[in-house]
Amino acid sequence: MITYNKKICLIGDFSVGKTSLVSRYVNNVFSEKYQTTVGVSILTRETMVCKDVRIKFILWDIAGADKLSTVSRSYLSGANGYILVADGTQKATIETALTLKASVDTQLNNPRTISLLNKHDLAESWAADAEFLQQTSQDTQWQMTSAKTGEGVEASFLLLAKRFLDDAE
């Protein structure tokens, strides 16, 4: 059995669901209580990618921001990839996420990444329709997730793990 350790940072604006996504993925729980992340929270979980390969994600849940601060940049140091998170009910968080993506891509060397459009359980009240997503995110393929229901969470992390497996082969 081979295990690869991968540091992954979650980035995105305030209140898009980064902490809730990590909590759902690592502990399979969701809390209605909003908890602001101060600084960074670190959790881990191993994912089986294939019969004899595991990826151990070291997940750095970085406090929400609309731009990278000096502190956020230091948290990104040594990261193998990142998860970009936006809230489908708030268009501004998508625009912020894309700005953050450009900053992180310049700081990290060829990072593996996925982009999560969270709160899909509230899809009927989404501010982001397909046309808006296409216009603003030409090089970003959004995975629809809901930390509340668990929709798409496991599959999204597995997708990221498989991207690392492709590198190992």
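The values are calculated or read from the model by the stated rules, or taken from the named source; none is laboratory data. This structure is a prediction, so every number in the text was calculated from the model and none was measured. All Cβ positions, glycine included, derive from the backbone under ideal geometry; neighbour counts span all protein chains shown.
Going by what's in this entry, would residue 1 be described as touching a strand residue (DSSP E or B) at 6+ places or on another chain (Cβ under 8 Å), at pLDDT 90 or above and of a type outside the set (Val, Ile, Thr)?
Here the answer is no, as residue 1 does not meet what is asked.
For region 1-101, which fully contained strands (runs of 3 or more DSSP E) count at least 2 residues that are over 13 Å from the mean Cα position of the chain (by Cα) and at negative phi?
Numbers: elements: 2-12, 40-50, 53-62, 81-87.
Once the strands (runs of 3 or more DSSP E) in region 1-101 are filtered for at least 2 residues that are over 13 Å from the mean Cα position of the chain (by Cα) and at negative phi, what remains is 2-12, 40-50, 53-62.
Could you list, in sequence order, the residues of region 63-101 that are closer than 14 Å to residue 15 by Cβ and modelled with pLDDT under 90?
63, 64, 65, 66
Taking the condition more than 24 Å from residue 148 (Cβ to Cβ) and either modelled with pLDDT under 90 or among the β-branched types (Val, Ile, Thr) (or both), does residue 22 pass?
no
Select, from 70, 89, the only residue that is surrounded by fewer than 23 Cβ atoms within 10 Å (Cβ to Cβ) and farther than 21 Å from residue 24 by Cα.
None of the others qualify; the one that does is 70.
Return the residues of region 1-25 that are closer than 16 Å to residue 152 by Cβ and of a type in the set (Val, Ile, Thr); say none if nothing qualifies.
16, 22 - these are the residues of region 1-25 that are closer than 16 Å to residue 152 by Cβ and of a type in the set (Val, Ile, Thr).
So if I check each of 84, 100, 116, which one is buried (at least 17 other Cβ atoms within 10 Å of the Cβ), out of contact with any Ser or Thr (no Cβ under 8 Å at 6 or more places or on another chain) and of a type in the set (A, V, I, L, M)?
100
Mind checking which residues of region 113-144 are assigned to a strand (DSSP E or B) and free of Cβ contacts under 8 Å to residues at least 60 places away in the same chain? Outline the logic, then answer.
From region 113-144, those assigned to a strand (DSSP E or B) are 113-118, 142-144; that's our starting set.
The answer is 113, 114, 115, 117, 142, 143, 144.
Only one of (1) over 20 Å from residue 150 (Cβ atoms); (2) acidic (Asp, Glu); (3) in contact (Cβ under 8 Å) with a residue 60 or more places away in the chain fails for residue 87. Which number is that?
Checking residue 87 against (1) over 20 Å from residue 150 (Cβ atoms); (2) acidic (Asp, Glu); (3) in contact (Cβ under 8 Å) with a residue 60 or more places away in the chain, the one that fails is (1).
I need a count of the residues in region 102-112 that are touching a residue at least 40 places away in the same chain (Cβ under 8 Å) and either within 21 Å of residue 69 (Cα to Cα) or of a type in the set (Asp, Glu) (or both).
So the answer is 1.
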